[in-house]
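The values are calculated or read from the model by the stated rules, or taken from the named source; none is laboratory data. These numbers come from a predicted model, not from an experiment. Note that we place each Cβ from the backbone using ideal geometry, even for glycine, and neighbour counts take in every protein chain shown. Quick note on the areas: whole protein, heavy atoms, side chains included, nothing else; ligands and nucleic acids left out. Shrake-Rupley method; radii C 1.70, N 1.55, O 1.52, S 1.80 Å.
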Amino acid sequence: MIYRVNVYQFFSSMRDHILRIQEAEEIKGLWKTTVILILLSMFVYGWMAYVGMGKDHLSKQVTQIGLISYEQTKFWFLVGRVCFGLLFALFFMFMVPLILFGLTDIPYKKLMILGQAVLTVLLCERIIWIPLFVYAGLDWSVSPFSLGIIASYMTDIPWLISFFGAISVFQALVIWLQVKFIKSLSTIKYRLVWLSMILLHIFYWLLAAFIVYLDAAFLGGVM
């Protein structure tokens, strides 16, 4: 059986597509979709940089480095965010499937389809961040869709707010999607799948908080 990758149709009839992926002997359109999602990720992160998301630490230095140097720094900030968008896409479409490939008996290409679906959900979350930042002044870590906004009322510790800010409705959807996909295509026990996915995402949330700390320290001139 041939399965043709279509991310939109995957979400419109998920159960049917998962069954077709399970029975698929050949997968078509995998690399084309991969390239499109990589380019989309780079565009979204470039767009986020363009509207100023994550640039608050940089803006504080404009009086110290001068206007010309500041404009040059803004350009490299944009380039850096586009490159981060590339790495972000590669991580979820290649690295996470590789980890899951080591934990399950599911073929790697089929796990790449899961990675594409996960990346699509995460990019939708980031696209929603943009109007929240532009029109409401809310950074991603205090999005109303995450626990970060609650954490901001309970603590002033930036990395802790970033950690809870990474825990969102979209992240819960990703975990559910991964569990549903893996359970359908493998013989691993249901509880073990849930436990593995939750632990994997806790690591991801800690990593996200650490990256935010390094980013703020670098742009703020601490490092």
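Excluding residues on the same chain fewer than 8 positions from Lys180, give the aspartates and glutamates whose Cα lies under 18 Å from its Cα. In chain and number order, the partners are Asp16, Glu23, Asp105.
Which percent of the accessible area of segment 1-142 is formed by carbon and sulfur heavy atoms (probe 1.4 angstrom)? Carbon-and-sulfur percentage of accessible area, whole number: 66. For segment 65-223, averaging the sequence separation of C-alpha pairs within contact (under 8 Å, six or more residues apart) and dividing by the residue count gives a relative contact order of 17 percent. Need the C-alpha centroid separation for segment 19-53 versus segment 121-154, integer Å. Centre-to-centre (Cα) distance: 22 Å. Accessible area per residue for segment 67-222, computed on protein heavy atoms with a 1.4 Å probe, is 53 Å². Which shape class applies to segment 85-178: rounded if a/c is under 1.5, otherwise prolate when a/b exceeds b/c and oblate if not, where a ≥ b ≥ c are the square roots of the Cα gyration tensor eigenvalues? Prolate, because a/c is 1.5 or more and a/b exceeds b/c. Helices in the chain that qualify as membrane-span-like (whole DSSP H runs, Cα extent of at least 18 Å along the helix axis, mean Kyte-Doolittle hydropathy of 1.0 or higher) are 30-50, 67-90, 108-136, 169-185, 190-219.
If R0 equals 30 Å, the separation of the Cβ atoms of Tyr50 and Tyr153 corresponds to a calculated FRET efficiency of about 0.50. Quick note on the chain: its Rg to Rh ratio, both from C-alpha atoms and Rh being the Kirkwood radius, is 1.01. With 18 Å as the limit on Cα-Cα distance, the pairs of Lys28/Lys109; Lys28/Lys183; Lys32/Lys183 that go past it are Lys28/Lys183; Lys32/Lys183. Extension gain, Ile198 to Leu98: 0.36 nm times the residue separation minus the Cα-Cα distance gives 34.3 nm.
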